[in-house]
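This report refers to the structure that appears directly beneath it.
Quick note: the coordinates plus some simple rules give every number you see, no bench work behind them. All values derive from a computational prediction rather than experimental measurement. When we count neighbours, we look across all protein chains shown, and the Cβ atoms used for this are built from the backbone with ideal geometry, even at glycine.
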Amino acid sequence: MRIDILTVVPELLDSPLSHSIVGRAIKKGLVEIQVHNIRKYGLGPHRQVDDYCYGGDAGMVMMVEPVFKMIEKLKSERNYDEIIYMSPDGELLSQGIANELSLKENIILLCGHYKGIDHRIREHLVTREISIGDYVLSGGEIPAAVVADSIVRLIPGALTDETSALSDSFQDDLLSPPVYTRPAEYNGWKVPDVLLSGNPKLIREWQEEQALERTKELRPNLLSKNF
Ligand code: SAH
């Protein structure tokens with residue numbers, strides 16, 4: 001899989017994509033993530049990428065031309081399954097969307113900045129818009145890193161034990177059961193006996209029961225999705 005991220009602040013994406021599970025997946029060759037500076041196609045000697053907003057509102061808007069040229073260049077090199085604009089008014093990111101995107105071959109994540117991008121890009125080039133929540137951030141870079149991380153960990157081989165992605169919260173509309181590690185007792189705080197029993201059937205039953213209980217208590221809306 002290949003993910004191209006288009007931004008005017010590429011530095012913001014350096015660190016989140018080079019470590020941990022995403023960094024390892026890149027090293028293993030499971031995914032290629034390319035970050036492109038839209039400024040490369042900026043206009044004039046100052047490589048301008050934004051301009052004043054028509055209608056006189058305060059704030060700058062990312063111009064059509066640099067984004068258009070950058071996307072056209074990439075499209076001339078390969079086919080893209082989706083050109084996704086990160087936007088607070090897009091579809092809310094979910095595990096379902098991450099699962100769906102993890103099956104794609106090539107996707108573009110377009111990051112807005114300032115007041116957003118010229119709407120013509122959204123009308124004519126973008127195929128999908130994704131939000132990471134009902135709040136406004138300064139740019140689409142952190143949302144793009146969130147989307148990329150949620151996708152990459154689902155690519156087979158990205159996690160050392162593949163089953164651990166399957167037991168993550170939301171994967172089956174249930175929250176994850178509690179997890180513990182050694183020591184079995186600390187400060188008098190004990191790990192539940194069943195996890196020390198060595199009986200896989202009992203352990204699985206306990207985990208399923210806990211997942212259901214936690215979902216009922218914390219996110220009952222997830223359960224009603226099934227009815
Ligand atoms: N004026 C716009 C917000 C611009 S914020 C509005 O009110 O809708 C600047 C950029 O940050 C956006 O273009 C978008 O790419 C990104 N962004 C901000 N919040 C986001 C969110 N919750 N999800 C995804 N992208 C977001």
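Tabulated results
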| item | result |
| --- | --- |
| Antiparallel bridge percentage (DSSP; both residues within the chain; nearest 5) | 25 |
| Dipole of the chain, positive end: most advanced residue of SER87, VAL126, ILE155 [Cβ charges, Cα centre] | ILE155 |
| Length gained when the stretch ARG128-THR160 is fully extended (0.36 nm per residue, less Cα-Cα span) | 8.4 nm |
| Förster radius 45 Å - calculated FRET efficiency between ASN199 and ARG120, Cβ distance, rounded to 0.05 | 0.15 |
| Packing rank of 119-125, 2-8, 188-194, where each peptide gets the mean count of other beta carbons within 10 Å, highest leading | 2-8, 119-125, 188-194 |
| 15 Å beta-carbon shell around LEU137, net charge (K/R +1, D/E -1) | -3 |
| Listed pairs LYS28/LYS201; LYS28/LYS225; LYS69/LYS104; LYS28/LYS115; LYS115/LYS216 exceeding 32 Å between Cα atoms | LYS28/LYS201; LYS28/LYS225; LYS28/LYS115; LYS115/LYS216 |
| Peptides 165-177, 70-82 ordered by average Cβ neighbours within 10 Å, highest first | 165-177, 70-82 |
| Packing rank of 147-154, 61-68, where each peptide gets the mean count of other beta carbons within 10 Å, highest leading | 147-154, 61-68 |
| Antiparallel bridges, percent of DSSP beta bridges restricted to the stretch 1-118 (to nearest 5) | 20 |
| Cα-projected label distance for VAL136 with LYS73, points at 7 Å along beta-carbon direction, nm | 3.0 |
| Two-site FRET efficiency, GLU208 against TYR180, from Cβ-Cβ distance with R₀ of 25 Å, rounded to 0.05 | 0.90 |
